[in-house]
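**Student:** Below is one structure. I have some questions about it.
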Amino acid sequence: QVQLAESGGGLVQAGGSLRLSCVLSGRTFSKFAMGWFRQAPGKEREFVAAINRSGSSTDYANTVKGRFTISRANAKNTVSLQMDNLKPEDTASYYCAADPNPFNPRRDYLYWGQGTHVAVSS
């Protein structure tokens with residue numbers, strides 16, 4: 001049974017940074033493409049970033065490109081999302097997702113974490 005556990009959310013001022021982490025347990029981490037999604041109150045869930053199994057390929061939503069960086073450490077079963085120059089519109093619950101299928105960054109993922117909340121004040 002795959003389990004995903006996110007951490008690192010919190011309250012930050014606009015222009016600040018946060019680093020989210022997600023640990024996968026229950027299966028071999030390197031067999032999964034990983035993604036980050038977010039959902040703000042009253043809005044639909046949206047894609048943020050994704051990374052393939054080896055870490056050689058990434059994809060970003062236009063709204064975060066140049067500000068967010070996704071990375072993974074297969075030896076630590078961890079995927080991270082470094083978020084810089086945060087804006088109030090980045091406020092949302094952030095979800096980690098994993099999928100064993102070939103890399104298709106923006107498709108639905110098989111496994112999901114419980115989420116971690118990020119709030120950016122202006």
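**Student:** For the stretch 31-44, in order, what is each residue's ³J(HN,Hα) by Karplus, 6.51 cos²θ - 1.76 cosθ + 1.60 with θ = phi - 60°, in whole Hz (x at glycine and Pro)?
**Tutor:** 8, 10, 6, 10, x, 10, 10, 9, 9, 8, x, x, 10, 6
**Student:** How large is the dipole of the chain about the Cα centre if only Lys and Arg carry +1 and Asp and Glu carry -1, each at its Cβ, rounded to the nearest 20 debye?
**Tutor:** Numbers: 14 positive and 9 negative charges, 58 e Å.
It comes to approximately 280 debye.
**Student:** If you don't mind, there's one more thing I want to ask. Check which residues have an amide H placed less than 5 Å from Arg27's amide H, if you skip close sequence neighbours.
**Tutor:** Gln3
**Student:** Something else about it: In Å³ and rounded to a whole number, note down the convex hull volume per residue for the Cα atoms of the chain. Before the final figure, lay out each step's value.
**Tutor:** Working: hull volume 11.2 nm³, N = 122.
Taking only Cα atoms, the chain has a hull volume of 91 Å³ per residue.
**Student:** Which ³J(HN,Hα) values in Hz, rounded to whole numbers, follow from the phi angles of the stretch 94-101 under the Karplus curve 6.51 cos²θ - 1.76 cosθ + 1.60, where θ = phi - 60° and Gly and Pro get x?
**Tutor:** 9, 10, 8, 9, 9, 8, x, 7
**Student:** Another question, if that's okay. Check Ala33: other-chain or 5+ apart residues with amide H under 5 Å from its amide H, H built from backbone geometry?
**Tutor:** Asp99, Asn101
**Student:** With a 1.4 Å probe and every protein chain kept in, tell me what percent of the accessible surface of the stretch 15-112 is carbon plus sulfur.
**Tutor:** Of the solvent-accessible surface of the stretch 15-112, carbon and sulfur hold 46 percent.
**Student:** Oh, and also: In the stretch 1-63, what trypsin sites (Lys or Arg not before Pro) fall in a loop by DSSP, with at most 11 other Cβ atoms inside 10 Å?
**Tutor:** For trypsin sites (Lys or Arg not before Pro) across the stretch 1-63 that sit outside H, G, I, E and B with at most 11 neighbouring Cβ atoms in 10 Å, the list reads Lys43.
**Student:** Hey, can you grab everything whose amide H is under 5 Å from the amide H of Phe68? Only 5+ residues off in sequence or another chain; H modelled, so Pro and N-termini drop out.
**Tutor:** Amide H neighbours of Phe68: Asp84.
**Student:** Mind giving me the FRET efficiency for Gln82 and Ser7? R0 is 22 Å, r the Cβ-Cβ distance, nearest 0.05 is fine.
**Tutor:** Calculated value: 0.95.
**Student:** Identify all lysines with a Cα-Cα distance to Lys43 below 23 Å; exclude those on the same chain that are fewer than 8 residues away in sequence.
**Tutor:** Once the sequence-local lysines are set aside, what remains near Lys43 is Lys65, Lys87.
**Student:** Mind checking which lysines have their Cα closer than 18 Å to the Cα of Lys76? Skip sequence neighbours fewer than 8 apart in that chain.
**Tutor:** Within the straight-line limit of under 18 Å, Lys76 reaches these lysines: Lys31.
The values are calculated or read from the model by the stated rules, or taken from the named source; none is laboratory data. Bear in mind the structure is a predicted one, so any value in this text is a computation, not a measurement. Cβ coordinates were reconstructed from backbone atoms using ideal geometry, including for glycine residues, and neighbour counts include every protein chain displayed. With ligands, DNA and RNA removed, areas are computed over all heavy atoms of the protein, side chains included. Shrake-Rupley method; radii C 1.70, N 1.55, O 1.52, S 1.80 Å.
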